[in-house]
Amino acid sequence: MQDVIPRTYQEWKHCITIDCGIALTRDFCRQRLKALHDSSDHMTGRFVERWGEAQRQQSIAWFERALSELDEVEGD
């Protein structure tokens, strides 16, 4: 199986919510953002080794966008 890196927000969102079956909740987004911002986090280190720093930064932006969308829909 070949790894496919999402290139757009919609591809990324589909990958997480449909392919992986993970709900993009506020808690999940905040947990992932905390980890992705922590360069000492073991899984973040592995993420960067595999996908690169640019993809880490893009993932941060996408999690921030998902969180923003949740705030718009649900209010906060």
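The values are calculated or read from the model by the stated rules, or taken from the named source; none is laboratory data. From a predicted model like this one, the values you see are computed outputs, not experimental measurements. Heads up, the Cβs are rebuilt from the backbone with ideal geometry, glycines too, and the neighbour counts pull from every protein chain shown. Accessible surface areas use protein heavy atoms only, side chains included; no ligands, DNA or RNA. Shrake-Rupley method; radii C 1.70, N 1.55, O 1.52, S 1.80 Å.
A few points about this structure:
- Scanning the stretch 1-32 for residues that are in a helix (DSSP H, G or I) and in contact (Cβ under 8 Å) with a residue 24 or more places away in the chain returns Tyr9, Trp12, Lys13, Arg26, Cys29, Arg30, Arg32.
- Matching residues in the stretch 33-46 - criterion: being free of Cβ contacts under 8 Å to residues at least 12 places away in the same chain, closer than 19 Å to Glu64 by Cα, in a helix (DSSP H, G or I) and open to solvent by less than 100 Å² (accessible area, probe 1.4 Å): Ala35
- Here the stretch 22-32 is the region considered, the condition is being open to solvent by less than 60 Å² (accessible area, probe 1.4 Å) and either within 9 Å of the chain's Cα centre (by Cα) or not charged (D, E, K, R) (or both), and the residue that is farthest from Phe47 (Cα to Cα) is Leu24.
- Residue in the stretch 31-39 that is modelled with pLDDT under 95 and of a type in the set (Gly, Ala, Ser) present: yes
- Of the residues making up the stretch 39-73, those that are more than 19 Å from Tyr9 (Cβ to Cβ) and over 14 Å from the mean Cα position of the chain (by Cα) number 8.
- Scanning the stretch 1-21 for residues that are within 19 Å of Gln57 (Cα to Cα), exposed (fewer than 12 other Cβ atoms within 10 Å of the Cβ) and at pLDDT 95 or above yields Thr8, Gln10.
- One residue from Trp62, Trp51 being of a type in the set (Phe, Trp, Tyr), open to solvent by less than 60 Å² (accessible area, probe 1.4 Å), out of contact with any strand residue (DSSP E or B) (no Cβ under 8 Å at 6 or more places or on another chain) and touching a residue at least 40 places away in the same chain (Cβ under 8 Å): Trp62
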